[in-house]
1. I'd like to compare 300-311, 60-71: which one has the highest average count of other Cβ atoms within 10 Å, and what's the full order after that?
2. In Å, what Kirkwood hydrodynamic radius results for region 11-124 from the alpha-carbon pair distances?
3. Per residue of the chain, what 222 nm ellipticity follows from adding -39500 (n - 2.57) for every DSSP H run with n ≥ 4, rounded to the nearest 500?
4. Would you mind counting up the charge near ALA348? Only other residues with Cβ under 15 Å from its Cβ, with Lys and Arg at +1 and Asp and Glu at -1.
5. For every other residue with a beta carbon closer than 15 angstrom to the beta carbon of PHE202, add +1 if it is Lys or Arg and -1 if Asp or Glu, then tell me the sum.
6. Based on other C-beta atoms within 10 Å, arrange PHE380, PHE237 from fewest to most.
7. I need SER272, SER449, SER290, SER284 ordered by Cβ neighbour count within 10 Å, fewest first.
8. What is the magnitude of the charge dipole of region 391-461 about its Cα centre, with +1 placed on the Cβ of each Lys and Arg, -1 on the Cβ of each Asp and Glu, and no other charges, expressed in debye to the nearest 20?
Amino acid sequence: MAEATPHHVDAEAKEAWIATQQKTFTKWCNNHLKKKGHPAIGDLSTEFETGIKLMQLINALYDVPIPKHNANPKMRPHKLDNIELALKMVDEAKIKTNFLKPTHLIDHDTKMLLGMVWAIILDFAIKGISEDDTTAKEGLLLWCRKKTAGYRDVDPPSIQNFTGHWRNGLAFCALIHKHQPHLIDYDSLDKNNAAANLELAFSVAESLGIPRLLDVEDVNVEKPDERSVMTQVAEYFHRFAQQDVKEVAARRAATFLQFTKEVNQQKFDFESKAKALLQWVQASIERFESQDLGSTLEESLAVVEQLRQFVLHEKPPKSAEKLDLENLYAEIQQKLLVHGRAAYECPAEYSTETLDAAFDALWHAEKTHASAARAKRFTFITKEERGVSQEKLQEMHESYAAFDKDSDGSLDKLEFKAALSAMSIPVKDDAALQALLDKVAGAGAAKVSREQYVAFVTELNTDKDTPEQIVAAFRTLADDKDTIVVDQLRVPPLSQEDVEYLASEMQKNEESGGLDYQAFVKSAFVQQQ
């Protein structure tokens, strides 16, 4: 549990902090109780006395089943029995509540009750950073600093605490602007207008699904309550860390889509230009075959001159166009091959073989025409004949160094989790963390080396452009469903044009009503036998 309120703070300030904590923690609890359909807490100081509210809270947060208990206890022994059951649920959830006793709940010990809820908040709301209080605080601060870097009146000096540095509201506004810049005009904000800044941040955050745990007057004081501010900021972390994950997925989908659109445009260019070139070839052949060779020497010489102009000026750029088309065709096929895509199946009427055959026919018609023109000319003249992220890597090393507390060149389990959180890689629970540790460092390993950490994060941030990764990207956008709806595609950097294109190209799944992104991706790649 966190450190107690400093002794030098006067009694009036201490009471204000307690009141703020009680209000903030109550809102936090009720937000999660509501999601599970449990009744809200009215007075945090008294409503844990039967143990039922604690059972409901642990059930809502950790999905621990509520045991059989006395639903309407009246006497103290019955309440204590319930409290014992509730505390067993707390133990089952592996929450550390130091020195907490059943009597603290039944006797309305507000200080210990706040400590109990704070321990639950630390474990649940900040578990993606660390279960350790100190590391959790530093990890959350590091995330805040990274996200608000360079924001006027926030960095410098950068966020160093969860008290006074949040008072003017700009830090909250900066976090929102970093992830949803269209929702806040940050340049228009004034650091001296704290109340307006705080109200703006809390209102916009609510529209994004971030619960308002603090009121303006809770923060706009000389020293806001640290625990309450941390609780509120943790809600921002969980909302925006998930957005970071989805934006990576959207970026990968956008890169895939950009490649597909570029290749499709090249295919269109090839076919349209090939069509025009073939039309020119056919028209030239027909011209040769139907041209009058003349009935006089002057007319026959004019025919020869026309052929000369064709050979010198008309045919060379068309031959160059043919070479350009052959290069474009090779570029398309090579690009598809390198990226593991299905080969370009060009329509037979525009293929390079058809172009070769057409130019062969043109050469033959040209040769035949030239021979005929010469022969015609000879009838008049018989004597003369002329014949081509260093920045991301640095961020990985900095996050590693920031959490290698004992400087032993490795991260233990908690340090590993904190470092991942600083890189916006949330971990669901302790089981997921252990599985991740086994994967990165080897089964049974207790620590992760720098090389193993950098290799793992590099792998996560590496765009491989494989069908598996692209399908995984769309699955992330689809919230782990097999089909996706149009609204789930509206994640930057996918543009509205991209969304409309995907909606038109993806087949609709009649059963779910969603779009079949798996079939869409599969059709673009070479199918393995």
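Read-outs throughout are calculated quantities, based only on the coordinates presented, and are distinct from any laboratory measurement. Predicted model, so just to flag it, every value in this text is computed and none were measured. Here Cβ is always computed from backbone atoms with ideal geometry, including for glycine, and neighbour counts include all displayed protein chains.
1. The peptides rank, most packed first, as 300-311, 60-71.
2. Here the Kirkwood hydrodynamic radius works out to 14.1 Å.
3. The per-residue figure over the chain is -20500 deg cm²/dmol.
4. -3
5. In short, -1.
6. Placing the least packed residue first, the sequence is PHE380, PHE237.
7. Listed from fewest to most nearby Cβ atoms, that is SER290, SER272, SER449, SER284.
8. It works out to roughly 160 debye.
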